[in-house]
Amino acid sequence: MLELVEEHRCFDGVQRVYRHDSRTIGLPMRFSVFLPARAASGKVPALFYLAGLTCTEETFPIKAGAQRYAAEHGIALIAPDTSPRGADIPGEKDAWDFGVGAGFYVDATREPWARRYRMYSYVQELRDVVLAELPVREDRIGIFGHSMGGHGALVLALRNPGLYRSVSAFAPIAAPSLCPWGVKAFTGYLGDDRAAWAKYDASELIKSDAAARFEGGILIDQGLADQFLAEQLYPEVLERNALAAGHKVTVRRHEGYDHGYFFISTFVGEHVAHHARVLGG
């Protein structure tokens with residue numbers, strides 16, 4: 001059951017925040033939803049957006065300016081939180097890149113994280129909740145995200161053929177097994193077995209014949225002034241592996257743009273349009 005936390009009129013639609021009891025996490029979780037005007041008279045396509053490190057369910061709807069474009073295309077926007085809140089695990093608030101705000105969209109297997117930090121499965125649970133409670137079409141769902149959330153969007157899309165029909169990302173952590181953020185998160189949540197890491201690494205998943213393929217290909221935007229590009233993101237690894245496996249991945253590189261939401265807000269309209277070409281509206 002959904003509890004409405006807040007609601008605001010927005011581009012003739014509504015921007016809401018909901019709370020619900022998650023069976024996957026075992027704690028209350030919050031997520032944001034934008035419903036375009038068309039949702040008042042019938043079910044609409046939907047885009048799930050996964051945010052990056054330190055963000056919440058409100059970061060994307062407040063900073064990205066995506067509602068304008070979603071309203072034009074008649075598409076709903078859903079943004080979950082980035083980790084459990086209130087798990088009370090010792091040390092979970094000690095670092096900005098691990099623990100609270102940094103669930104990394106994996107299902108932890110290492111204690112003490114395994115019980116609560118199950119963000120991969122939570123996104124799947126939230127998809128079911130949205131379909132049951134909100135006017136969203138099951139056959140018209142896409143997913144996108146930024147940084148840690150770009151990693152999550154790519155992994156969820158590649159691992160779930162048929163659930164997500166379109167995918168894109170802003171500055172994703174494209175090869176987390178190779179970068180400090182990813183190594184820290186994977187070691188902490190999953191342990192030292194790199195075979196377990198590969199299930200959450202888009203650059204590894206895209207090598208597989210079982211990986212989902214997308215009608216519109218995979219769209220990635222990357223700023224060349226991004227302070228994390230060289231050490232953390234590795235889009236060239238995903239690009240190279242996708243080419244070898246015959247996947248269509250378009251990486252657009254932009255001079256002068258950094259890692260933040262000014263960058264995202266510049267190109268978010270093109271991302272919504274990319275999804276709308278596949279999902280309709």
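The values are calculated or read from the model by the stated rules, or taken from the named source; none is laboratory data. Values in this document were obtained by computation on a predicted structure and should not be read as measured data. Heads up, the Cβs are rebuilt from the backbone with ideal geometry, glycines too, and the neighbour counts pull from every protein chain shown. Ligands, DNA and RNA are stripped out before the accessible areas are found, and what is left, the full protein with its side chains, is counted by its heavy atoms. Shrake-Rupley method; radii C 1.70, N 1.55, O 1.52, S 1.80 Å.
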Quick check: anything in the stretch 239-250 within 14 Å of Ala169 (Cα to Cα), of a type in the set (Asp, Glu), surrounded by 14 or more Cβ atoms within 10 Å (Cβ to Cβ) and more than 17 Å from the chain's Cα centre (by Cα)?
-> yes
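In the stretch 124-151, which residue that is aliphatic (A, V, I, L, M) and assigned to a strand (DSSP E or B) is nearest to Thr56 (Cα to Cα)?
Among residues in the stretch 124-151 that are aliphatic (A, V, I, L, M) and assigned to a strand (DSSP E or B), the one nearest to Thr56 (Cα to Cα) is Ile143.
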Has the stretch 138-149 got at least one residue that is buried (at least 24 other Cβ atoms within 10 Å of the Cβ), more than 25 Å from Tyr18 (Cα to Cα) and among the aliphatic types (A, V, I, L, M)?
-> no
Does the stretch 106-119 include one or more residues that are over 11 Å from the mean Cα position of the chain (by Cα), farther than 15 Å from Ala76 by Cβ, polar (S, T, N, Q) and modelled with pLDDT of 95 or more?
-> yes
Restricting attention to the stretch 184-208, and to residues there that are open to solvent by 30 Å² or more (accessible area, probe 1.4 Å) and over 19 Å from the mean Cα position of the chain (by Cα), which single residue is nearest to Leu53 (Cα to Cα)?
-> Lys184
Is it the case that some residue within the stretch 49-56 is open to solvent by less than 10 Å² (accessible area, probe 1.4 Å), hydrophobic (A, V, I, L, M, F, W, C) and under 15 Å from the mean Cα position of the chain (by Cα)?
-> yes
Quick one: is Ala211 open to solvent by less than 30 Å² (accessible area, probe 1.4 Å) and assigned to a helix (DSSP H, G or I)?
-> no
